[in-house]
Amino acid sequence: MTLAAINGILALALECAAIAIVATGAYRTMDQPVVRWIAPIVAVAVLAGLWGYLAAPNSAVRLSGLSLVAFKTSVFALATAVLWRLAGPSWALGYGIVAAMQLALAASTGRL
């Protein structure tokens, strides 16, 4: 397996995890039963929609360079902060470190 393939798999896993973490955070912070189910759906739609529009490789308006790095870093930082609140610092730091390593690997190989 090549380094590019490993990076792609890791990127997909981190992106899916970010969406799941934010959705779980939205679910757990709501008190009202109806809102508790709507909030994660909205969170997933917004986050996945923004990612697909701004960061997907085949997007017509894909960000590039530092803008793309800043967007991806912001999404991973949001997921790290939510994970810190949900599962504690160990899980959050682990996720954040792996996300930072993946972004560094992607940038160094030109595969952002």
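Every helix of 4 or more DSSP H residues in the chain counts as -39500 (n - 2.57), and over all residues that averages to -29000 deg cm²/dmol at 222 nm. The gain in end-to-end length when the Leu86 to Ser59 segment is fully stretched comes to 6.5 nm, 0.36 nm per residue minus the alpha carbon separation.
Normalising the average separation of contacting C-alpha pairs (under 8 angstrom, six or more residues apart) by the number of residues puts the relative contact order of segment 42-112 at 19 percent.
Overall dimensions of the chain, expressed as equivalent-ellipsoid semi-axes from the Cα gyration tensor (√(5λ), whole Å, largest first), are 26, 17, 11. The length gained by stretching the chain between Thr109 and Tyr27 to full extension, at 0.36 nm per residue less their Cα-Cα distance, is 25.8 nm. Spacing of the modelled spin labels on Met101 and Ala17, each 7 Å from Cα toward Cβ, amounts to 1.0 nm.
Laboratory data are not the source of any read-out in this text; all were calculated from the coordinates shown. This is a predicted model, so every value here is computed, not measured. We place every Cβ from the backbone using ideal geometry, glycine too, and count neighbours over all the protein chains shown.
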